[in-house]
Structure formats: C-alpha cells, structure tokens
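The values are calculated or read from the model by the stated rules, or taken from the named source; none is laboratory data. Predicted model only: the values in this text are computed from it and were never measured. Using ideal geometry, Cβ is built from the backbone for each residue, glycine included, and neighbour counts are taken over all protein chains shown.
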Amino acid sequence: MSEVRAAEVLSLCDISSGYGAVSVVKSVTLSIRPGEIVALLGKNGMGKSTLLKTILRLIPLRGGVIHVGGVDQAHLTPARMIAWGLSYVPQEQALFQDLTIRDNLRLAVRSDGELGAALDHAFGYFPFLRERLKQKAGTLSGGEQKMLILARALMLRPRLLLIDEISEGLQPSVVDRIVGVLRDERSRDRTAMLVVEQNLDFALRIADRWAVLKMGEIDDEGSCGQNAHARVLEHLSL
Amino acid sequence: MLLLLDILTTAAILFVVSVGLLAIFGVLKIVNFAHGAWLTIGAYCAVVAVKLGLNPWAGLPIAFVAGALLGGVAELLIIRPLYRRPLDAILATWGLGIVIGQLIALAFGRDVQLIPNLMSGTVRVLSVDYSVYRLFMLFAALAIGVLFALTIEGTRLGLSARAVIMNETLARSLGIDTDRVRLATFMIGAGLAALAGVLLTPLTSVDPNMGVAWLIGAFMLVMVADTSYLALAAACLVFGGAQVLVSTFVSPVLGGISVAVLAALLLRINPRGFSRA
Amino acid sequence: MPEDTALLNGRPASTTALEWRAPAAAALVAALIVWISPLVLGAFAANVLTRSMLYATLAVTVDLLWGFTGILTFGQAAFFGVGAYATAMTMTSLGSTPAWMAAALALAIVLPMVLGLVVGWLSFYHGSTPLYASVISLVFPIVVTQLVYSGGLLTGSSSGLVGYDTLPLDLEGFFRLSGLVMVAVTLAAWVFVRSDAGKLLVAVRDNDVRCAYLGVSPRRVQITLTVALAGVAGVAGFLFAHASGVVAPENTGFLFGTQVVIWVALGGRGSLLGPVFATLAIDYLSASLSGDLPFLWQLVLGAAFVIIIIFLPDGVAGLARRASASIFRSSKQTRVPRIALAAPHSAVERSATLLKVSGLARSFGSLSVLENINLEIRPGELVSIVGPNGAGKTTLIRCLSDGSEPFKGVVEIGGKPMKGLTPDRVVALGVGRKFQVASIFESLTVAECLRLARTTSETPSGIGSAPRLSLPVASIEILRLTGLIDLIASPAGLLSHGMKQALELGMVLALEPRLILLDEPTAGLTKAERATIGTVLRHLTAEAGYAIILVEHDLDFVREISSRVVVLHQGRLVLDGAVDDVVNSETVRTIYSGGGHV
C-alpha cells in the first residue's frame, strides 16, 4: 500500500474522529491522486465538515491514519501541511470580517515577499478584488465573500484543496464562475480537490468521482458518469 | 491647570503600566496576575544597573530584555498548560508573582532600595511649577503607545496577533503558528511591564512588593479596554481623571480605589471585555 | 404502561442511617479533640490554632463557593473582616454589656449578609461570566480595606482597633469555642453538600444553562449562597475579634482573601476536609517559623501553589482520594433512590393554542437570521421544523425558549408573552428544551440529575437525600425503554452518547412541560435508539396531550412521527402543512438538492 500512497496526494485509512463522547466520523477510507476532484456528499450532520477539519488537524484523529503528500499527518502541524500545499475553504467563519481584503489575503501567505505574486494569481481569477483591497471583508456581499475565500485558498497554488460547502447561498451565476475557476486550476496546476457539498448539481459538474457519507461512513461511491446523479439522489432522497 | 496636568500625567502613568497587560489579555485571553511582579522585576533591573555603575537609563533596555526572557519561560512552563483553564491561569500567575516577590526579597533584601531618579526637578509650565519627570511620563506614554500601535498595525506579528485575537481557529487553519504568536506576545507584554517598572522608580518606593498595588488598577483598565489600545488610552484618561478628582476633592484613600470601583460598575452595565473571557 | 409505584427497590433503610452515623461520629471525635487539646497544647500553640481554626471555618466557606459552585472568590476575607470590625467597633464605641455583645453578634452576621446581597447582585446576573464574579470578589475587599483606612478613629485606620472588651473567656475557652464552631460549620457543610439541595451547587457549576432550563435560576442559587456564607464568615470574624483582641485592616484585605484561596487549593477544592487541614497546618507552620524562614516558607508555598494548580488541581485531598481508592477499592456507595410514579399535573386543555408566534424576527447586526415567522401550535401536535443549514432553526428554538433574546415580534406561551423572561421563567410557563448536544450534569449521577429536574415540583431537602424519586410517566418510560433505568447510580459523565441524550430527554420530561422543544434529538443515535425516542415522542403528543416542536435533519424520522412539518429556508417560513404534502413537495426537493437559492 505504501507505493500507492506515495503517488497519492491524500490518503485516509479507516479514520475516525469526533467531539467529546460523540464519534461523528466512524470509519472512512478514501484516497485522492494529483489532479483528481472528489465530491463528498451527504446530508447534514453526517460528518463531512468534521472530516475536513480532521485532515487539517483542527480536530484530533481518534483512529486510523491520514497521509498528506505521502507523510503521516501525525507528524505534521497545520502550518506544515499548508506550507506543503494544503489549502482549506471553511464553511463558516472563514474570513476576518474586520480586516481588509488585503490583510485577509496577507495572512494566508508565509511572508510579505510572496504576497505580490500570490495576489496576481488571485486577481487573475477574481479581478474585482483588485480595486477593493482596502475594503473590510465584512462589507462584501455573501457571494463576493465566498469568492474571496476561494481566491485566498488558490493564491498559493495548492496541491490539495479542501472545500466545505462553498456553493451554499450563492447565485447560479456565481456558482458557474466557481466551477470555471476550479476546472481551470485543476487543468493548469493538477490541483487535487476534496469538495464537500450538499448541492448535488454543482458537485457532479466538477467532480471526477463521488462518495456519499452517511452516519460517519462512506455508504457508496463511484465515478461521475451517466447514472451518478440518480444514484446519489437515491442516497440523499427525501 | 495643576489638576489638568495631574490628570494627564496620571493617565500616562496608568497607560504605561497597563499596556503590557493588554497585549497579553488580548491575544492569550488570560489575565496575567504576575504583572505586578514584572513591574517589580523591571524596577530591580534599574537597581542592578545602578549597582553595576551604569547610567540609570540603562535600566530600560536591561529590563525589557530580562522581562521578555523571563516572560518566555513563564509562558512555556505555566501559561501554556493552562490554556483551557483561564481562572486557574489567574491563580497560577498569582502564585508565580508570590514566588518572584520572595526570590527578589531573598536576593536583595526586604528594604526599600534607593536609586537616583531618572530625572528630577520641576519646570515652569504655564504659570505652574510641575515635576519634570511626570511631564516626561506623558512623552513616554505617547512614545510607547505609538510604538505599540505601529507594531500591531504595521508588522506581520501584529497582524497575526490581531488574527489570533479575532479567531484563533481560523488563524490556525491558515497556517499561522498560533503557539509562536502567543509566546511572542507574552514576551513583549512582559517586557513592557518590566519597562514600566523602571519608569515607575522615581514615582514610588522600590521594594519587593511594589508591583501589587498597580496590578488591580491595570487589570481593571484592561478589562474595560478589552483588546483595543485606543480604548485603553481612553480608559486611562477617564478613570485616571476620576482618580485624581476623587483624591483631590474627596479623599486620597478613596481616590486609590476609584479606578477599580468605577471600572467594575461600568463592566456591570456594559460587559464588553468579559464577553470573550 | 407502568401501574406499579415502585419500579426499583432501593437500598434498605439502614443505608440512610449509615449516612448519618459516619460524619456524626467524626464530628463528635473532632469536638472531643478540640475540647481536650488546650490541656496538652502550650499557650503559643493554643493561641495560633484558635486563629487557625477560625480561618479554617472561612476556608470551608470558600470551598463551598469555589470547589462546589465554581465561583472563584477572594471576597470571603472581606465579609470576615466586616464581621470582625463590626464587633470591635461596637465594643469600642457602643459598649460591652452582654446586650451589646449580642447586638455585635447580630451586626456581625447581618452586615456581611447585606453586603453579600450587594456583591451577589453585582456579580451574578443573566449573562454574567465567572471571570466578572471573580473580579468583583477582588474589588470588594479592596474597597472595604480602603474604607477602613479612611475611617479615622471609628475604625482605627491603619492601626486597627485594640483594647476593647471581649467575651469573658480565657484562652482555653476561646480555643474550644472556635474549634467547636469550626467543627459545626464543617459538619453542616458536609451534610449540605451530600443532600439533594446540595447537588444544586454542583449543577450550577457544571452547567448553569441547564439549571436555568430546568426552572432553577442559577443566579438565585449563587446569590443565596453568597449571602448565607457571608453571614458565616461574619460569625468567624466576630469570634476572631474577641479571641485575638485586635482587628486590623489586613484582616479585610484581598491579600488575606488570596491566602484563603491558596489554602483551599492546596488542601483540595471540593473536598471540605482538605481545606480545613491545609489551613490549620499552613497557618500554624507560618506562625511557628522564625528568622528568615518565614520568607523562604512563603516562597515554598507560592511554588507549591503554582505546581498544584497546574499538575494537581484537586490538591492534596485529591491525591489522598486516589490513593485510598486504590488501596481500599472504595465502595463509595451512592444512595440509589426508589423511583416512583408522580401524580401528573392538571390535564392540558386540548383546544387552546399553546404557542403563538407573530411576526418573529431576529437579526445579528445587518444579517437577518429570522424574518416574519408566524406559527400557531396546539396541544397534541408534533411539529417538525426542517431546512438546510443556516436556515435559522436553532435561532428559532432559542427565541422560543429564552425571552432575553433580542427578537422582534410576539411569542406567547399559553397566552402569556415570554419576551424578556429569562429561561428559568419561561420554563415556569411550561416549556422544556432539549439541546442538540446533550446538556446534563456530568459530575452527578443519573438519579441526581433526574431529581434536580424535579426541583420546581418538589423542593429538594437540604439535610438528607430523599429515598424516593417521583417521576412522571413519560420520564419513567424513557428510562425503561432505553435501559437507563439500570444505570441510575452511574455518573452521568460516563454514559454513552445515546444514553446522555436519553437522560436529557428524561430530565426535560420530568418538568412535565406542555411544550417541548427538541433540537436534533436523534443526532448520533443508532437506529434502535431513534425508534425508541420516536415512540415516546409520538405517545407524548397523541395520548398525553403535549405539544412538541422538533428540529430535525433526518427526514425519514420526520415523516414517521410528525403530525405537521414546517420548512424554514434562509430565515423564512416557506411551507407549513401535513407531512406528506410538505415532504413530497417540489420546494423541499429543490431546497435540499441545492437549487432554489436566492
């Protein structure tokens, strides 16, 4: 298994984690190769956000092993993983509302020297940010904030992008734009992505593979093809 | 006029004494009850400087460095383990303050230390003779305030510190080493406290327990100011002014408690500072 | 349906007697030791220990406040000092006849209690934080000390008061009096913390929000305790004034207050005996050291204090407890009460509207979370509120249960508006709330948690533990169906996640609320556990006439048990109707599969 692991950007082996007495993620095995986009779907409370936070070490791992870039995550800190090329788009409280756009972006780069190049990359995707650098992040609209968060995550040309429900509350036009940006990023830099979503349409548009998380375990998975939509809908069905 | 100068200089002195505590409270979200001990450490650094035959002003850099280094040790050994227990952190830092006070007493003796004033004499200001040193404190407070502001608004560390103050989890998920930010902040706060201790030497007697008297006032001002140094400056003016007025027109003894009492009442009505603690 | 009144045979009556015998015997032995000691101790030791024992009494009060109730207080010293000064000032300025002595005692009790009321009102209010309470407890002694300093001849200023007439007792007499008071106070505290009412202290410490939602105002508990213990501290101060013959500002100051906290911490907070022994030992040792040693001693104490706080928060008593537990395989039997059926509250009028919400709106700054919510709920309805994340469901529940939430619009429960009422008063209107994350008292047993839930129906005893625990039928059913009934002696903190949820539900049902608010009750439960909860909920509405509002994500569960479904989307009520209509509607599909965003 270790040979495969070296080629994988992310490898989750029977992992479990949770809060207090509750095990939210019970047993998840998943791996992602460079350039691959995997959609993680599931209803609320099934453990999707918890999974992402566990990968980033914001929540301690209780069982199993995680390899990020071939290295056992137990030996890495969030800072090291981010330096390697991990980027995270949180679902909530993702921006410093009282700081300017520039400062929000600045906090994501390691040193101010790297800021210029990183900003250019960000503006390439979302030019509207260029004129608004001095604006406080809290004054942006919901859609603009999401775009800022995505820009911040993409700025450093990550190898692995973890996205938590970015399409929530967004207009279809903005969603389209994000789809374009993510596709672009993948084809240019072979960025791998783990996209957590409740929005089925959006998820299946960009993903290569999908997996459904139910009660902390992967219930079903497959490639995005003709019948993917129907199959997933069955799992999320009302 | 005299009253105005008293108010301004009292506010300045309170600011200098409290600003280190503010930095620590804002970023680490704990109240450092050893703050008084660090004031004392600073004052004794001035004593050491004089004993070594140096210019008394040399005490300033010595105190800042010594305070910062000792602060680093304290953060690693005492504060870090109590990250999730803020009330216990108050107690542990209080205990630390006791230990430091006793160590200083053992090393230097219990008696008051006499050292030459950094500055002495009076100067004529607008028809009033006023203490040169107290006027100097006005400039010292301004200088420290400006430096502090520049650090927090202009440097990377300052930005990271502000990020940690606002949302530590988000800061971590962006790759910021929050442990290092906390350590650096504590060291700077402790260094500032020691610095303030040196600046206090012409104003108060230097003995192993001198810092305790300033602790409560500083602590209440920081609670009112929450994380903003501008709010701290305002609080020092308002409450310092109240202290002077009460001391002058009512009684000096009651003046001494006016900062604490007024701050406690204000916080009861508007608990800004406590919503995070 | 249980018809029997005793479902679980409790322990035999002899256990209750045992509860009394051990501490009473210990107290008797201690009293005897106190009585005999002056005959063997030298004058110096007797003098010091007299003072130490009064300090130990004070330490017990601090332990009750801090160790049991979670209030870190530096202020007990001030109440002690006020008592001492009241006594000395009366003796000095008013006279020392027996009548004046009695008056001094009365003053030494009443004055601190009045001050305790002021301090309590300042420190404990809806939304106050423990840090603020500690801050007030720091400022208060400083104020008292400064008032003493500025008191001139009346208070003796910095020199204190001395030379007043004291009680006509000799050294041995004062020793015995102080010692007996110490034993009496410690015994009373011991009995109290083991009684049902005493568990309230731990409940407030562990989870004051849950207390409020059980109808018990945590603020009232904290203030009452502060006032009562201020009186006790005052008595100690009275005795101190007489025994030592001198009172000084140091007896009121915050340095003294911090010393008491240090003794309690070293002895072991929450153990009562630990602080007593620690105070006696440390105070006596401190007084006995001479030369330069006292300063070294302070250093050692300070260092020990820091180490204990970081590594041994339970103090020496905690160490002793762990050591004895491993040696004796301690059978610390907690009494298990017998569970009985409680007579139900008056029947609910079926037709009346139980909950009426008109134009409810809630915003955080410019972000509007709830907009124009209108809802009416009658007894017997099981209404599920569904909607994607961020739709405002939990905010809605909060507005329905906590009147101090700044919402707009009107919410009426049983016709009474609840705006502005704190949660404990909303509970009194007949509302019970179950939280998403099980909100129970981790340090208490299941039985004790359930008993606390019955506080508003049956006032808990302050002396012992009632042998019988009356619960309404719904609670008992939950206990039986989930198997929790076999675990009622188990500490709640050790229960599994599903069991904790069941316990919380049992506690909420014990309130016999007409309206139950449940926030994701099935989160993290197994299929079997869900089925159980579903059965109970359905039964409650269908037969017992309760109304239930349920926030849920599990749409299967919703479909099975609800009588009505309400859909919340982006803060607005989008649909409200019968289960099948709503669940199969196009709107819900779109919302949940990601389309339909604004």
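I'd like to check something: does the range A:169-180 contain any residue that is modelled with pLDDT of 85 or more, of a type outside the set (D, E, K, R), under 18 Å from A:E36 (Cβ atoms) and assigned to a loop (DSSP other than H, G, I, E, B)?
Checking the range A:169-180: not a single residue is modelled with pLDDT of 85 or more, of a type outside the set (D, E, K, R), under 18 Å from A:E36 (Cβ atoms) and assigned to a loop (DSSP other than H, G, I, E, B).
From the list C:I440, C:I463, C:I478, exactly one residue is of a type in the set (V, I, T), in contact with a helix residue (DSSP H, G or I) (Cβ under 7 Å, 6 or more places away or on another chain) and assigned to a helix (DSSP H, G or I). Which is it?
One residue alone meets the criteria, C:I478.
Just one of A:L95, A:L105, A:L58, A:L52 is outside any loop (DSSP other than H, G, I, E, B), touching a residue at least 12 places away in the same chain (Cβ under 8 Å) and out of contact with any strand residue (DSSP E or B) (no Cβ under 6 Å at 6 or more places or on another chain); which is it?
On the way: A:L95 fails: outside any loop (DSSP other than H, G, I, E, B); A:L58 fails: outside any loop (DSSP other than H, G, I, E, B); A:L52 fails: out of contact with any strand residue (DSSP E or B) (no Cβ under 6 Å at 6 or more places or on another chain).
Every option except A:L105 fails the conditions.
If you check A:L61, A:L162, A:L115, A:L133, which single one turns out to be surrounded by 19 or more Cβ atoms within 10 Å (Cβ to Cβ) and of a type in the set (A, V, I, L, M, F, W, C)? Full working, then the answer.
On the way: A:L61 fails: surrounded by 19 or more Cβ atoms within 10 Å (Cβ to Cβ); A:L115 fails: surrounded by 19 or more Cβ atoms within 10 Å (Cβ to Cβ); A:L133 fails: surrounded by 19 or more Cβ atoms within 10 Å (Cβ to Cβ).
The match here is A:L162.
Filter the range A:147-165 for residues that are modelled with pLDDT of 90 or more and either in a helix (DSSP H, G or I) or within 14 Å of chain C (Cβ to nearest Cβ) (or both) and give the result.
Result: A:M147, A:L148, A:I149, A:L150, A:A151, A:R152, A:A153, A:L154, A:D164.
If you scan the range B:230-251, which residues turn out to be of a type in the set (S, T, Y) and out of contact with any helix residue (DSSP H, G or I) (no Cβ under 6 Å at 6 or more places or on another chain)? Please lay out each step first, then the result.
As a first pass, look at the range B:230-251 and keep what is of a type in the set (S, T, Y): B:247-248, B:251.
Of everything in the range B:230-251, those that are of a type in the set (S, T, Y) and out of contact with any helix residue (DSSP H, G or I) (no Cβ under 6 Å at 6 or more places or on another chain) turn out to be B:T248, B:S251.
For B:T10, state whether it is within 14 Å of chain C (Cβ to nearest Cβ), buried (at least 18 other Cβ atoms within 10 Å of the Cβ) and hydroxyl-bearing (S, T, Y). Spell out the reasoning first.
Details: within 14 Å of chain C (Cβ to nearest Cβ): no; buried (at least 18 other Cβ atoms within 10 Å of the Cβ): yes; hydroxyl-bearing (S, T, Y): yes.
So B:T10 does not fit the description; no.
What do you reckon, is B:D88 within 14 Å of chain C (Cβ to nearest Cβ), buried (at least 16 other Cβ atoms within 10 Å of the Cβ), more than 24 Å from B:Y229 (Cβ to Cβ) and of a type in the set (D, E)? Reasoning before the result, please.
Details: within 14 Å of chain C (Cβ to nearest Cβ): yes; buried (at least 16 other Cβ atoms within 10 Å of the Cβ): yes; more than 24 Å from B:Y229 (Cβ to Cβ): yes; of a type in the set (D, E): yes.
Considered against the rule, which asks whether it is within 14 Å of chain C (Cβ to nearest Cβ), buried (at least 16 other Cβ atoms within 10 Å of the Cβ), more than 24 Å from B:Y229 (Cβ to Cβ) and of a type in the set (D, E), B:D88 comes out as yes.
Considering each residue of the range C:372-392, count those that are outside any loop (DSSP other than H, G, I, E, B) and modelled with pLDDT of 90 or more, and give that number.
Final tally of qualifying residues: 10.
Give the residue that is surrounded by the most Cβ atoms within 10 Å (Cβ to Cβ), with candidates limited to residues of the range C:525-546 that are β-branched (V, I, T) and more than 12 Å from C:A474 (Cα to Cα).
Selected residue: C:T532.
Kindly indicate whether any position in the range C:504-517 is at pLDDT below 85, assigned to a helix (DSSP H, G or I) and under 16 Å from A:V22 (Cα atoms).
Kept after step one, since they are at pLDDT below 85, are these residues of the range C:504-517: none.
No, every residue in the range C:504-517 fails to be at pLDDT below 85, assigned to a helix (DSSP H, G or I) and under 16 Å from A:V22 (Cα atoms).
Return the residue satisfying two criteria in turn: it lies in the range C:186-215 and is more than 14 Å from C:E504 (Cα to Cα) and under 8 Å from the mean Cα position of the chain (by Cα), and of such residues it is surrounded by the most Cβ atoms within 10 Å (Cβ to Cβ).
By that ranking, first place goes to C:V204.
Give all pairs with beta carbons closer than 9 Å in which a residue from the range C:127-143 that is farther than 14 Å from B:M220 by Cα meets a residue that is modelled with pLDDT under 90 and among the aromatic types (F, W, Y); count only pairs at least 6 apart in sequence or on separate chains.
C:S128/B:F274; C:T129/B:F274; C:P141/C:F254
Hey, A:S87 hits all of (1) more than 8 Å from chain B (Cβ to nearest Cβ); (2) touching a helix residue (DSSP H, G or I) at 6+ places or on another chain (Cβ under 8 Å); (3) assigned to a loop (DSSP other than H, G, I, E, B) but one; which does it fall short on?
(3)
Would you confirm whether or not the range B:133-155 contains a residue that is touching a residue at least 60 places away in the same chain (Cβ under 8 Å) and not in a helix (DSSP H, G or I)?
no
Checking B:M119 against (1) out of contact with any Phe, Trp or Tyr (no Cβ under 6 Å at 6 or more places or on another chain); (2) not in a helix (DSSP H, G or I), which single condition isn't satisfied?
Condition not satisfied by B:M119: (1).
If A:L204 meets every condition in (1) over 24 Å from A:P90 (Cα atoms); (2) in contact with a Phe, Trp or Tyr (Cβ under 7 Å, 6 or more places away or on another chain) apart from one, which number is that one?
For A:L204, the failing item is (1).
Please determine whether any residue of the range A:71-79 is more than 7 Å from chain B (Cβ to nearest Cβ), assigned to a strand (DSSP E or B), out of contact with any helix residue (DSSP H, G or I) (no Cβ under 9 Å at 6 or more places or on another chain) and without any contact (Cβ under 8 Å) to a residue 40 or more places away in the chain.
Keep residues of the range A:71-79 that are more than 7 Å from chain B (Cβ to nearest Cβ), which gives A:71-77.
Checking the rest, the ones that are also assigned to a strand (DSSP E or B) come to A:71-72.
With the extra rule that they be out of contact with any helix residue (DSSP H, G or I) (no Cβ under 9 Å at 6 or more places or on another chain), the set shrinks to A:72.
Cutting the leftovers down to without any contact (Cβ under 8 Å) to a residue 40 or more places away in the chain gives us A:72.
The answer is yes, given that some residue of the range A:71-79 is more than 7 Å from chain B (Cβ to nearest Cβ), assigned to a strand (DSSP E or B), out of contact with any helix residue (DSSP H, G or I) (no Cβ under 9 Å at 6 or more places or on another chain) and without any contact (Cβ under 8 Å) to a residue 40 or more places away in the chain.
Please go through the range C:418-437 and give me each residue that is in a strand (DSSP E or B) and within 20 Å of the chain's Cα centre (by Cα), ordered by number.
Here is the first cut: in the range C:418-437, the ones in a strand (DSSP E or B) are C:431-434.
Answer for the range C:418-437, where residues must be in a strand (DSSP E or B) and within 20 Å of the chain's Cα centre (by Cα): C:G432, C:R433, C:K434.
Out of A:A39, A:A6, A:A74, A:A21, report the one residue that is hydrophobic (A, V, I, L, M, F, W, C), under 26 Å from A:L154 (Cβ atoms) and at pLDDT below 90.
On the way: A:A39 fails: at pLDDT below 90; A:A74 fails: under 26 Å from A:L154 (Cβ atoms); A:A21 fails: under 26 Å from A:L154 (Cβ atoms).
Unique residue meeting the criteria: A:A6.
Which residue out of B:A218, B:A225 is among the small types (G, A, S) and in contact with a Cys (Cβ under 9 Å, 6 or more places away or on another chain)?
Details: B:A218 fails: in contact with a Cys (Cβ under 9 Å, 6 or more places away or on another chain).
The conditions single out B:A225.
Please count how many residues of the range C:558-573 are more than 13 Å from chain A (Cβ to nearest Cβ), touching a Gly at 6+ places or on another chain (Cβ under 8 Å) and of a type in the set (V, I, T).
Residues flagged as more than 13 Å from chain A (Cβ to nearest Cβ), touching a Gly at 6+ places or on another chain (Cβ under 8 Å) and of a type in the set (V, I, T) within the range C:558-573 amount to 1.
If the requirement is being away from chain B (no Cβ under 14 Å) and buried (at least 17 other Cβ atoms within 10 Å of the Cβ), which of these qualifies: A:V9, A:V109?
Numbers: A:V109 fails: away from chain B (no Cβ under 14 Å).
From the options A:V9, A:V109, the qualifying one is A:V9.
Check A:I101, A:I82, A:I55, A:I66 and return the single one that is away from chain B (no Cβ under 14 Å), buried (at least 20 other Cβ atoms within 10 Å of the Cβ) and modelled with pLDDT of 90 or more. Before the answer, list the steps.
On the way: A:I101 fails: away from chain B (no Cβ under 14 Å); A:I82 fails: away from chain B (no Cβ under 14 Å); A:I55 fails: away from chain B (no Cβ under 14 Å).
Of the residues listed, the single one that is away from chain B (no Cβ under 14 Å), buried (at least 20 other Cβ atoms within 10 Å of the Cβ) and modelled with pLDDT of 90 or more is A:I66.
Return the only residue of C:L94, C:L107 being surrounded by fewer than 23 Cβ atoms within 10 Å (Cβ to Cβ), at pLDDT below 90 and either within 23 Å of C:S244 (Cβ to Cβ) or more than 14 Å from chain B (Cβ to nearest Cβ) (or both). Please lay out each step first, then the result.
On the way: C:L107 fails: at pLDDT below 90.
Going through C:L94, C:L107 in turn, the sole match is C:L94.
I'm checking my understanding of the structure. Among residues of the range B:156-208 that are without any contact (Cβ under 8 Å) to a residue 40 or more places away in the chain and of a type in the set (S, T, N, Q), which one is farthest from the other protein chains (Cβ to nearest Cβ)?
Per the criteria, the residue is B:T204.
Please specify each residue of the range A:207-234 satisfying the condition of being closer than 15 Å to A:S31 by Cα and either in a helix (DSSP H, G or I) or touching a Phe, Trp or Tyr at 6+ places or on another chain (Cβ under 7 Å) (or both).
Scanning the range A:207-234 gives A:E221, A:G222.
Please give the number of the condition C:T522 fails out of (1) surrounded by 22 or more Cβ atoms within 10 Å (Cβ to Cβ); (2) under 25 Å from the mean Cα position of the chain (by Cα); (3) of a type outside the set (D, E, K, R).
Checking C:T522 against (1) surrounded by 22 or more Cβ atoms within 10 Å (Cβ to Cβ); (2) under 25 Å from the mean Cα position of the chain (by Cα); (3) of a type outside the set (D, E, K, R), the one that fails is (2).
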